[in-house]
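Working notes, structure below.
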Amino acid sequence: MKLADSPVTVHQFDEFPFYLKRDDQLHAQFSGNKARKFMPLLDQALPNIQTLICYGSAQANSLYSLAALANLRGWQLEFYVDHVPGWLKQNPNGNYRAALALGAQIIETRTLSDLPPKQYIDQYRHPDSHCLMLEEGGRSPIAKQGVTALANELINWIARQPDQPWRVALPSGTGTTALYLHQTLAPHGIEVVTCPCVGDQDYLLEQFDQLIGQTQPVAHNQTPAERYPTIISPSSKHHFGRLYAEDYRIWRQLRAQTEVEFDLLYDPLMWRLLRHWLPTQPDKSLLYIHQGGLLGNESMLARYQRQFGHSLA
């Protein structure tokens, strides 16, 4: 199974020309940044593993990616969530529906205890030697191998282009992909730009520091610009998972102008920020990383329709 060398296509959004790394085309079931993060688990022998355990939202992109991974490896996936919304149980769609079809066990901890999913797993599930436990969203040093492979693909592609300064852009949840890209690309003079979609800039910096501490000695003499990707943040609080009419509109504009469907949860905020930030920055060619996650758009679009109806047309 080859999860590498996704194509790069060229587009324009408003007045901004950009290149797009099409990680949405890696594999029909296993694509986007989650495929990059979990890629090492396809290659490792892991003969004793029978059950893959993780937690998060019932509509998370990681749920479907892990269900596909478990199905490919012949493992059982146990995915712990706080709850599954009633409307989603009655009308399964998106990542939830596809994960169930692949045999995932989606376990609601709210019906079992007062503990959130991570604490429930630690206190009651007690994963043993036959289990592989992963943090929410793939925030783990396991991800470094696959993300570094992505970075090397970008370096090789850029080396074949006319000599010019480059920046790579992508949104962040846990920040895992952005940080590991930065660690490989920065020595080559390639800037990585990201934005916090879950929490604020301080939360994202905490995630970065935790990952840095797990994978390499902390270099206290590094400047923030050397240690972290460039972070651009919204001027007001952006609540992860909340529906914003401006996010939907820019998502539609992106699709109309590029003829590419983007993720509806993460990408709109990144593009809203880039639209205002890029004109203030030194000119560099932009290479955007497609996040995959397109199956999740099915449930996101249904939510937008329920909340806004025809007012978004």
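Computed from the coordinates by the stated procedures, all read-outs in this text should not be read as laboratory data. Because the structure is predicted, anything quoted here is derived from the model rather than measured. No Cβ is skipped: glycine too gets one built from the backbone with ideal geometry, and neighbour counts run over all protein chains shown.
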Computed E for Arg160/Asp14 - FRET, C-beta separation, R0 30 angstrom, nearest 0.05: 0.65
Which shape class, rounded, prolate or oblate, goes with region 35-138 when its Cα gyration tensor gives a ≥ b ≥ c as root eigenvalues, a/c under 1.5 marks rounded, and past that a/b bigger than b/c marks prolate? oblate
Cα gyration tensor, region 187-247 - rounded (a/c under 1.5), prolate or oblate: prolate
About its Cα centre, region 253-312 carries a charge dipole, from +1 on Lys and Arg Cβ atoms and -1 on Asp and Glu Cβ atoms, whose size in debye to the nearest 20 is 220 debye
Would you mind checking Lys21/Lys144; Lys34/Lys118; Lys34/Lys284; Lys37/Lys118; Lys21/Lys284 for any pair whose Cα atoms are more than 22 angstrom apart? Lys34/Lys284
Take Ala245 and Gln25, extend 7 Å from each Cα along the Cα→Cβ direction, and tell me the distance between the two endpoints in nm. 3.6 nm
Could you tell me whether region 74-116 comes out rounded, prolate or oblate from its Cα gyration tensor? Rule is a ≥ b ≥ c as square roots of the eigenvalues, rounded for a/c under 1.5, then prolate if a/b exceeds b/c, otherwise oblate. oblate
Say the dipole of the chain comes from +1 at the beta carbon of Lys and Arg and -1 at that of Asp and Glu; which of Leu243, Ile53, Asn152 then lies farthest toward its positive end? Leu243
Using θ = phi - 60° and the Karplus form 6.51 cos²θ - 1.76 cosθ + 1.60, what ³J(HN,Hα) does each residue of region 165-175 get, whole Hz, x for Gly and Pro? x, 10, 10, 10, 10, 6, x, 10, x, 7, x
Lys, Arg +1 and Asp, Glu -1 on Cβ, resulting dipole of the chain about Cα centre, debye, nearest 20: 460 debye
Helix-derived [θ] at 222 nm for the chain: sum -39500 (n - 2.57) over DSSP H runs of at least 4, divide by residue count, nearest 500? -11500 deg cm²/dmol
GNM, the chain, Cα, under 10 Å: largest mean-square fluctuation among Asp24, Asp43, Asp209? Asp43
Kindly state, as a whole number, the per residue volume in cubic angstrom of the convex hull around the alpha carbon atoms of the chain. 147 Å³
Summing +1 for each Lys or Arg and -1 for each Asp or Glu, what net charge is found among the other residues whose Cβ lies under 10 Å from the Cβ of Tyr64? +2
Ranked by GNM mean-square fluctuation in the chain (Cα springs under 10 Å), the top entry among Ser233, Ser172, Ser62 is Ser233
